1. Under 8 Å for C-alpha pairs, at least 6 residues apart: give me the relative contact order for the chain, rounded to a whole percent.
2. Pick out which of 11, 69, 53 has the largest mean-square fluctuation in a Gaussian network model of the chain, springs linking Cα atoms closer than 10 Å.
3. Picking from 34, 65, 49, which is most flexible by a Gaussian network model of the chain using Cα springs under 10 Å?
4. Taking 0.36 nm per residue of separation and subtracting the Cα-Cα distance, what length does fully extending residue 75 through residue 55 add?
5. Going by a ≥ b ≥ c, the root eigenvalues of the Cα gyration tensor, does the range 37-80 fall in the rounded group (a/c under 1.5), the prolate group (a/b larger than b/c) or the oblate group?
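Since every read-out is calculated from the coordinates, none of them should be taken as a lab result. As the structure is a prediction and not an experimental result, all values here were calculated from the model.
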């Protein structure tokens, strides 16, 4: 027998009751899975940031960047 818990709109947790340790509660299982899920999401975010940083450095090394004065930079920043 198994139990399904919806973590978010695209992620479900399916607990196979035959594989649960007898001393472990559902709350402990869900808590542990949620912590691992958040860790995985954090790692994914870190990898995306690392990839974008690496791509930016490659563009810089290839000379594909623009230079501006402090005033020009702040003017562009204020537009955002």
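1. Reported relative contact order: 14 percent.
2. 69
3. The residue that fluctuates most here is 65.
4. Contour length minus Cα-Cα distance gives 4.7 nm.
5. Oblate.
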